[in-house]
Amino acid sequence: MKDDEVNNLGNMLYTLLGSVFASIISRTLLYPLDTIKTNKQVHINNYKTYQNFDKFFFFSFIKKFGFKGLYKGFLFASLTTIPATSLYFCCFEYLKLKRIDFKKKYKEKSEDENFDHLNYFDYFSLGLLAEIISCIIFVPIDVVKERLQAQKYLQLREYNKSYYLIKDLINRDGFFRLYRGYTSTCLTYGMFGGFFFFFQNIGQKLMKELSIESSNFNSFQLNLICSFLSGLITSPFDVVRIRYQIQEKNKTLFYYNNSFDGINKLLKEGNIFNLFKGNIYRCSLLCLSMSINVTIIEILKKILNNTNNIKN
């Protein structure tokens, strides 16, 4: 086996280990924020159920549903989201390595010394493609998780176990009910991942040009900024995505035929700022989640690479 192939396998293994470890930490710590985000995004401005949730939504939710409500669906989400997150980062790493190998081979023919470096478009497209692949697992998880998180607030039928919810969804609407909103999810998180790695690549180059030390703390700060910008750009798609996946005809106060219909009805429900409903919670969640995941993966890869070099 060639040295490049060994290094590629090592990178994939380290990415897998790092992503599993990172997603366990981020999922456990940030799940309550995910629950609040979901319920805020399905909230209707003129919906007077329970109380006014527009102000201090976080504390209002806890007061009404308790701390236990923050972790509704946590077990199902943890057991499924962790491998799905690992799949995403492994897909991105694999596609990146393949793209680099392709450019190296092309470089040998073209004799262009800089051609093996990935450009901004490469990072965006690789992040988008990795999300499209991982959404095969992610979308059914999100459909079930978000339904469990919002069922009490929306006064829908309550399920204590995810198995019964999945069974009812399939029996009532067929297997592909679990894939409702697949396109909008790919668009939302595909663009988020694409923009994140796009901005991260720009930031890393700026850090080199400005001679800023690439320490773990500086990398974490960069990841926070990149994930915040990416989250802000993709927020309008996420509100529609969640409502579209949760909606039930004649049971929820919102019902959309597709993403464009959802955006149109959201604007009629309020104004353009309605497209950014729950944006503070969403950006906070994405910032912390992506930053924790990427930073831990990078740290673990450095540790494992250094350990491997010492042994050799």
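Quick note: the coordinates plus some simple rules give every number you see, no bench work behind them. From a predicted model like this one, the values you see are computed outputs, not experimental measurements. Ideal geometry is used to build each Cβ from the backbone, glycine not excepted, and the neighbour counts take in all protein chains shown.
Points worth noting:
- Note, ³J(HN,Hα) from phi for the range 286-294, Karplus 6.51, -1.76, 1.60, rounded to Hz, x at Gly and Pro: 5, 4, 5, 5, 5, 5, 5, 4, 5
- Among LEU206, LEU187, LEU95, the largest mean-square fluctuation in a Gaussian network model of the chain, built with springs joining Cα atoms closer than 10 Å, belongs to LEU206.
- Among the listed pairs LYS145/LYS277; LYS98/LYS208; LYS37/LYS145, those beyond 22 Å (Cα-Cα): LYS98/LYS208
- 3J(HN,Hα) couplings calculated from phi for the range 70-81 with the Karplus curve 6.51 cos²θ - 1.76 cosθ + 1.60 (θ = phi - 60°) are, in sequence order, 5, 10, 5, x, 5, 4, 4, 4, 5, 5, 9, 6 Hz; Gly and Pro show x.
- Net charge dipole size for the range 160-307 [Lys, Arg +1 and Asp, Glu -1 on Cβ; Debye, nearest 20]: 460
- Once you reduce the range 206-237 and the range 144-189 to the center of their Cα atoms, the two points are 33 Å from each other.
- Residue of PHE199, PHE176, PHE228 that the Gaussian network model of the chain assigns the largest fluctuation, springs spanning Cα pairs under 10 Å: PHE176
- Each helix, a run of at least 4 DSSP H residues, gives -39500 (n - 2.57); summed and divided by the residues of the chain, these come to -26500 deg cm²/dmol at 222 nm.
- Options ILE242, ASN119, LEU97, ranked by Cα towards positive dipole end of the range 3-311, top entry (Cβ charges): ILE242
- Build a GNM of the chain with springs between Cα atoms under 10 Å apart, and of ILE36, ILE133, ILE62 the one that fluctuates most is ILE62.
- Phi-based couplings in Hz for the range 213-226 (Karplus 6.51, -1.76, 1.60; Gly and Pro marked x): 4, 8, 6, 4, 5, 5, 5, 5, 4, 4, 5, 4, 5, 5
- Computed lengthening from LYS302 to PHE56, 0.36 nm per intervening residue step minus Cα-Cα distance: 84.4 nm
- Residue (of THR80, LEU206, GLY66) at the positive-pole extreme of the chain, dipole from beta-carbon charges: GLY66
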